[in-house]
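Notes for the one structure printed next.
Computed from the coordinates by the stated procedures, all read-outs in this text should not be read as laboratory data. Worth saying up front: this structure is predicted, and the values here are computed from it rather than measured. Every residue, glycine among them, receives a Cβ derived from its backbone with ideal geometry; neighbour counts consider all protein chains shown.
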Amino acid sequence: MTKRVLITGGAGFIGSYLTERLLNLGYNVWVIDNLSAGSAKNIQHLLKRRNFRFVKGEISNKQLMKNLMKHTTRIWHLAATMGVRRIMEQPLESFKNNIESTHTILSLAANKKIPVLITSSSEVYGKNPYLPFEESADRIYGNIQSARWGYALAKAVNEFLALGYLWQKKLPCIIVRLFNVIGPRQTSASGMVVPTFVQQALSRKPITVYGDGTQTRCFVDVEDIVSSLITLMETKKAFGETFDVGSDEEIKMIELARLVKKLTKSSSDILLIPYKKVYNSPFEDVMRSKPSLTKIRKFINFKPNFTLKESLKKIIDYAKTNF
């Protein structure tokens, strides 16, 4: 019998790639997504696949979720409210949705001991200045008046919920902290920086870099992330563990803007925009973010296959055709 798996947020950017990869591996894949952040376009090409089923619905509908989990052997929980812009604009909804949806998934999965992988975020480290971030590192958050830290706190709560169900209910679970995933299909709607820069460059509009441009990030291709999510779920010793997953190659935002401008052969100017002109509420940025890949390399020998330049070229080609 073909294994049935469930992906929450499977019509989203990362979820749609995971869905497609699992289908190609022969899994029977069920997806639930309310399409608030995901898009039906992302999975349109999968709808005729015999081993695929899409359900538009809310995770808060417990009866629906019980039905979806009846014959499920694995759950990848990707559904979440994300993106700095959306978090800043809808702090209450974002905080509640990110915690309540995860609690629903974990509580129902625990009844049948269905293994769950939950996606957390690099944001949980907050302003910790010690790099690279290691999974056991302290979390340092800023002023509670900054809505950004609500997202970090919600993700941290999700992690603790997963560990609580592991410790008390013996639920097999894996926690994955994702670092700046990029690729085709990602949109700028939530403030994601790479598609924003690419669209601005292709339309010859100014490429807007927030702050002074010296803040750094490590970008990883969605195809590399999907490979890690599947391999971790197939690795028994990974259950009960937390992993950083990403690239460990840093780049400054101003350098990223210049690279996008070069690859698109754009005439766009690059403008530095103060945070106070972008966000209505107080905003604190993370000046550097870099994962430690030591642990995940030890468990599954993870290594990104795509360079940043290769990923950007794919994104640019996709944007030329689809935007």
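If you take the beta carbon distance between LEU259 and ILE144 as r and set R0 to 35 Å, what does 1/(1 + (r/R0)^6) give as a FRET efficiency, to the nearest 0.05?
Taking R0 as 35 Å, the efficiency between LEU259 and ILE144 is 0.45.
Based on the mean of other beta carbon atoms within 10 Å per residue, what is the order of 213-219, 292-298, 135-141, most packed first?
Packing order, densest peptide first, comes out as 213-219, 292-298, 135-141.
To test your reading of the geometry: what angle, between 0 and 90 degrees and rounded to tens, separates the Cα axis of helix 148-169 from the longest principal axis of the chain?
Rounded to the nearest ten degrees, it is 20.
Let me have the 222 nm mean residue ellipticity of the chain computed from DSSP H runs of 4+ only, each contributing -39500 (n - 2.57), with the sum over all residues rounded to the nearest 500.
Theoretical 222 nm ellipticity from helices: -12500 deg cm²/dmol.
With the Cα gyration tensor of the stretch 148-242 giving a ≥ b ≥ c as the square roots of its eigenvalues, does the rule (a/c under 1.5 for rounded; else a/b larger than b/c for prolate; else oblate) give rounded, prolate or oblate?
Because a/c hits 1.5 or more and a/b exceeds b/c, the stretch 148-242 counts as prolate.
Relative contact order (percent) for the chain, with alpha-carbon contacts under 8 angstrom and 6 or more residues of separation?
Worked out over the chain, it gives 17 percent.
Sort the stretch 1-107 into rounded, prolate or oblate with this rule: let a ≥ b ≥ c be the square roots of the eigenvalues of the Cα gyration tensor; rounded if a/c is under 1.5, and if a/c is not under 1.5, prolate when a/b is larger than b/c, oblate otherwise.
oblate
For the stretch 48-184, what mean projected area does the convex hull of the alpha carbons give, in nm²?
10.1 nm²
Is the chain rounded, prolate or oblate when judged by the Cα gyration tensor, a ≥ b ≥ c being the square roots of its eigenvalues, rounded requiring a/c under 1.5 and prolate requiring a/b larger than b/c?
Prolate shape, in that a/c is at least 1.5 and a/b is the bigger ratio.
For LYS62 and SER136, what does the FRET efficiency come to when R0 = 30 Å and r is the distance between their Cβ atoms, rounded to the nearest 0.05?
Computed FRET efficiency for LYS62 and SER136: 0.30.
State the Cα centre-to-centre distance between the stretch 298-315 and the stretch 145-174 in whole Å.
Here the two parts' Cα centres lie 27 Å apart.
Just to be sure I understand the curve: with the Debye formula and one point per C-alpha of the stretch 182-228, what is log10 I(q)/I(0) at q = 0.16, 0.23 Å⁻¹?
-0.53, -0.94
Using the basic label-point model (7 angstrom from Cα toward the beta carbon), what is the GLN44 to SER267 distance in nanometres?
3.3 nm
What is the distance in Å between the Cα centres of the stretch 261-294 and the stretch 200-256?
So the separation of the two Cα centres works out to 14 Å.
LEU92 to LYS127: extension gain in nm, 0.36 nm per residue of separation minus the Cα-Cα distance?
That pair, LEU92 and LYS127, stretches by 10.4 nm at full extension.
Would you give the gap between the C-alpha center of the stretch 177-192 and the C-alpha center of the stretch 52-72, rounded to a whole Å?
With the stretch 177-192 and the stretch 52-72 each reduced to a Cα centre, they are spaced 26 Å.
Round to the nearest 0.05 the FRET efficiency obtained for GLU100 and LYS303 when R0 = 41 Å and r is the Cβ-Cβ distance.
Result of the calculation: an efficiency of 0.70.
Determine which lysines satisfy two conditions relative to LYS320: a Cα distance under 22 Å, and not lying fewer than 8 residues away in the same chain.
Hits, sequence-local ones excluded: LYS41, LYS205, LYS261, LYS262, LYS265, LYS309.
Can you list the lysines whose alpha carbon is less than 17 Å from that of LYS155, not counting same-chain residues fewer than 8 positions off?
LYS96, LYS127
Distance in nm between label sites at ASN51 and ASP285, each 7 Å beyond Cα in the beta-carbon direction?
4.5 nm
How high is the relative contact order of the stretch 239-312? Use alpha-carbon pairs under 8 Å, at least six apart in sequence, and give a whole percent.
49 percent
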